[in-house]
Amino acid sequence: MEKSVVLTVILLTVIVLTGVATWQLLAPQTMGQESSKLPQSPSQLPKEVSINGAGATFPFPLIDKWATEYHKAHPNVKINYQPIGSGGGQRAHIEKTVHFAVSDAPLSEEQFQKAPGTLHIPITIGAVVVIYNVPNVPKGLNFSGEVLAKIFLGEIRKWSDSAIAALNPGVRLPDEEIVVIHRSDSSGTTYIFTDYLSAVSQEWKERVGRGTAVKWPAPRALGAKGNDGVAALVRQTPYSIGYVEFTYAMKTGLSYGRVKNAAGEYVEPTIESITKAVEYAAIELPKGDESWSKVSIVQSVAQNTRAKGAYPIVSFSYVIAYKELNVLPGIDEATAKALVDFLWWCVHEGQGYAAELYYVPLPPNVVRLNEDSLRMITFNGQRLLRG
């Protein structure tokens, strides 16, 4: 196998040790600014092209912004994206009903085998936050991973439980039953959250595990569709707790908690704390056309990242696409070229819109990995990207 890319911020230069390349992640303000130095995508875009995508709600605010801004620059290309959840996006990719899918979870090994020629292209990095609606209790409750696991397992059933109180001295917690709110659809946000719980709780790992859809054991549990649905249900349900992508918490003004990291700190989710986690995450990344089923930023950060100020529940969102676009029914060369140009734009210019929507721009080494993946894409065997 060729060299893998490893995310780490230990060194300022590339160091090759035992066949593994180690790269520094740079600060966000330096990201997404290398496009002019890179080979250009097709210079002439076709007229009246529609590109159809579907999948995760986790990065939808950013994808929606990308679609708008790209259309301003290329009025003849329209991007249609349906936020149906990561599981729906994965199915659409396997069934070849969209030009591209988006998922917060990589394809499983079984799914990858069902969709030969799949590329995983990380497009952004975001965080899952714990939201709650507890009247007269302030924003910023402290939660450890163990306590969160016990709440979502249904073992901690009241807000006044001593395990929660011990983490929040001086806070008056009501003697009320906790209502657990979770995703009802197949969800990458669920995948990230349950991946985190599996990393910090052996009991959760053995009883529930990680997945885009899991069996929720808490007795008082309600499901809602999409990140916006979970946020809305938490808002209207007193004494409830749920999990959403960071943008949705900021948009709705709901209270959200601080989560204990591997260094023992309780950290509030911010662009800075999410970036800090990613900067110190050491993860081997495969090539774009290899299986990504074992990739997990969450587990690395939750278990190993002891950097101060690092928020622990972070992950990639991926575009999932085919290397040979002619396998998609009805696609023509013009649409294929426009799709590759749009994805190139997202990986470069598009990263400049990430921070304002509470996502972390891609570090340069991941941008380079994506460039290699995009150069693999063909239509009728002909590469679509020059250079």
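A few points about this structure:
- Candidates N326, N304: the one that is touching a strand residue (DSSP E or B) at 6+ places or on another chain (Cβ under 6 Å), touching a residue at least 24 places away in the same chain (Cβ under 8 Å) and surrounded by fewer than 17 Cβ atoms within 10 Å (Cβ to Cβ) is N326.
- Odd one out for H348 among (1) in contact with an Asp or Glu (Cβ under 8 Å, 6 or more places away or on another chain); (2) under 30 Å from A199 (Cβ atoms); (3) surrounded by fewer than 24 Cβ atoms within 10 Å (Cβ to Cβ): (2)
- Residue within the range 184-204 that is surrounded by fewer than 20 Cβ atoms within 10 Å (Cβ to Cβ), touching a strand residue (DSSP E or B) at 6+ places or on another chain (Cβ under 7 Å) and not assigned by TED's automatic domain parsing to the domain that holds G288 present: yes
- Here E284 meets each of (1) closer than 30 Å to S201 by Cα; (2) surrounded by 22 or more Cβ atoms within 10 Å (Cβ to Cβ); (3) touching a residue at least 40 places away in the same chain (Cβ under 8 Å) with one exception, condition (2).
- Elements of the type strands (runs of 3 or more DSSP E) sitting completely within the range 187-296 and holding at least 1 residues that are in contact with a helix residue (DSSP H, G or I) (Cβ under 9 Å, 6 or more places away or on another chain) and charged (D, E, K, R): these cover 240-245, 258-260.
The values are calculated or read from the model by the stated rules, or taken from the named source; none is laboratory data. Because the structure is a prediction, the values reported are computed rather than measured. As a convention, Cβ positions derive from the backbone with ideal geometry for all residues, glycine included, and neighbour counts pool all protein chains shown.
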